[in-house]
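Just below is one structure, and these are the notes that go with it.
The values are calculated or read from the model by the stated rules, or taken from the named source; none is laboratory data. What you see is a predicted model; the values in this text were computed from it and never measured. FYI the Cβ positions are ideal-geometry reconstructions off the backbone, even for glycines, and counts take in every protein chain you see.
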């Protein structure tokens, strides 16, 4: 059955990472319940969710991923309709980490490796997701138009991104000087794309070197990009398009962390 699940996911165009996650979560569930897929009931699923939340202390995001994996097998594939009365746990909504412009300057100043510095510049100046940046190809960039293309980003969607003039200058120098040619902008071994884990490590080590007190990771650069655009007066619908958000409500999260926007609000106490 798990092999059939993997086959169905491949046919529907799911990513290799999602296929691995869905099959893994379903295998763990069956190992816990000790039943065949055809014998699974709604109560079995609730019992497993309770185990994950109460015994394993898993967060809502992890539990919801498990729910999605189980729902695909038992409702989508086997048509058992076991999830009609199963509600996913609410995900805790936290404000995204955003660096100030001064913190961004400190972060960049702390990096001595040109390739690593360019990576941080690219993530911040374009608002790319780290996985998108790692798979970006040189041919996806149009320096003359100061634009780039993300091919099959999140949700299998293509979109345009902006390229900073400063970034273009640094990027052209980097591409002209690198020893080994590659289709990809950021490479690891043998011209293959740099791994997401390596990119996260580069950003984390740069933040430590800069002695920033905030927890800095790749997505924080994307959040900073969006927030700084918002503070500069860019229309939120334009930011939505650049970031590739399906819903404007996702982009609106950055309104809540824009301190410059909040500073413009006058307290009613000052008008008494």
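Some notes on this structure:
- Test: residue in the range 148-164 that is out of contact with any helix residue (DSSP H, G or I) (no Cβ under 9 Å at 6 or more places or on another chain) and modelled with pLDDT of 90 or more: no
- Filter result for residue 117 (modelled with pLDDT of 95 or more and surrounded by 14 or more Cβ atoms within 10 Å (Cβ to Cβ)): yes
- Whether a residue is under 19 Å from residue 5 (Cβ atoms) and under 25 Å from the mean Cα position of the chain (by Cα) was assessed, and residue 23 passes this test.
- Failed item, numbered, when residue 64 is tested on (1) touching a helix residue (DSSP H, G or I) at 6+ places or on another chain (Cβ under 8 Å); (2) surrounded by 14 or more Cβ atoms within 10 Å (Cβ to Cβ); (3) closer than 25 Å to residue 12 by Cα: (1)
- Residues satisfying the stated conditions in the range 86-113, i.e. over 19 Å from residue 166 (Cα atoms) and touching a helix residue (DSSP H, G or I) at 6+ places or on another chain (Cβ under 7 Å): 86, 88, 89, 90, 91, 92, 95, 96, 97, 98, 99
- Entry remark, the range 83-109: residues being modelled with pLDDT of 95 or more and not in a helix (DSSP H, G or I) number 0 in total.
- Of all residues in the range 68-76, none satisfies being modelled with pLDDT under 90 and not assigned by TED's automatic domain parsing to the domain that holds residue 157.
- Candidate set: the range 116-129, residues that are in contact with a strand residue (DSSP E or B) (Cβ under 9 Å, 6 or more places away or on another chain) and assigned to a helix (DSSP H, G or I); chosen: the one nearest to residue 149 (Cα to Cα): 126
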